[in-house]
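Working notes, structure below.
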Amino acid sequence: MEEKKLNEKESLELITQMIRQSRRNMVVGSGNRFLLYGYSAVILSIIVFVLVRTTGHLTWAALWFGMFLPFIYSWLYDRKHRPAVVTYTDRMINETWKVIGTLFVITVLVMMILGYAMGSVNFALMLPLALIYCGIGTSITGLVIKDSVLAYLPLFGLVFAIYMLVALPSLLHTPATWHLYFGLSFLIMMVIPGHNLNAKCRK
């Protein structure tokens with residue numbers, strides 16, 4: 001009976017250590033992955049908004065493809081700086097984001113193929129879909145590492161995503177302000193939780 005209690009304590013301690021190690025492994029440079037993607041989205045949202053608003057050309061929205069640059073950076077960084085210890089929770093988080101990344105690629109390819117077949121393509125749909133994909137991935141990560149801020153703040157982004165999906169069919173053109181809404185959503189669902197996660201990792 002005593003041996004069983006000891007094993008339970010050891011199991012809980014092991015799980016705690018795995019979660020703590022996973023939090024540390026998510027660090028990228030002086031910040032973590034959420035700060036990398038979050039700040040990239042915020043900066044791009046301001047740039048795209050200013051260009052679309054001042055020129056009136058919606059084609060500037062194509063700059064959002066620049067969000068693949070943080071992904072490439074993360075991929076190259078991971079290849080050069082593999083963590084000394086890879087836990088089960090690390091693998092869960094990595095596989096989750098692989099699925100999210102695959103969703104992005106499939107969505108873009110399908111939209112391009114359908115756009116080519118129909119003669120036009122409206123990538124405005126990517127704004128709400130990106131918020132949904134990233135929001136789900138961030139929330140799952142927060143649940144895995146038991147971080148309530150990371151798990152529930154992304155729900156804020158889903159509010160803007162639902163608004164965009166409801167409003168999109170009735171609009172002739174995507175409002176320039178949507179790019180700011182997108183950046184604001186990433187600020188709340190990735191940047192704030194990212195700084196909170198960093199603060200916990202330093203303790």
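Once the convex hull of the alpha carbons of the stretch 115-175 is built, what does its volume come to per residue, in cubic angstrom? Intermediate results must be reported in sequence, preceding the final value.
On the way: hull volume 4.8 nm³, N = 61.
Output value, Cα hull per residue: 79 Å³.
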Using bins 10 angstrom wide from zero, how does P(r) for the stretch 60-203 break down, in % of all Cα pairs? 10, 35, 36, 15, 4, 0
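Quick check on packing: order 144-152, 187-195 by the mean number of other C-beta atoms within 10 Å, highest mean leading. If you can, show how the numbers build up before the last one.
Numbers: 144-152: 17.8, 187-195: 21.8.
Result, highest mean first: 187-195, 144-152.
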Under 5 Å, built H, 5+ apart or other chain: amide partners of residue 32: none
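Cβ neighbours within 10 Å, averaged per peptide: list 160-166, 64-70, 104-110 in order, most packed at the top. Could the numbers behind the result be given before it?
Working: 160-166: 16.7, 64-70: 15.0, 104-110: 12.6.
The most tightly packed comes first, giving 160-166, 64-70, 104-110.
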Using only C-alpha positions, report the orientation-averaged shadow area of the convex hull of the stretch 94-138, nm², one decimal. 2.9 nm²
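Against the 2.2 N^0.38 Å scaling, with N counting residues, where does the stretch 72-156 land? I'd like the Cα-based Rg ratio to two decimal places.
Values: Rg = 15.9 Å, N = 85, 2.2 N^0.38 = 11.9 Å.
Normalised Rg, Cα atoms only: 1.34.
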Using eta = 1.306 mPa s and T = 10 °C, Stokes-Einstein with Kirkwood Rh from Cα pairs puts D for the stretch 31-70, in µm² s⁻¹, at 150 µm²/s
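Since every read-out is calculated from the coordinates, none of them should be taken as a lab result. What you see is a predicted model; the values in this text were computed from it and never measured. We place every Cβ from the backbone using ideal geometry, glycine too, and count neighbours over all the protein chains shown.
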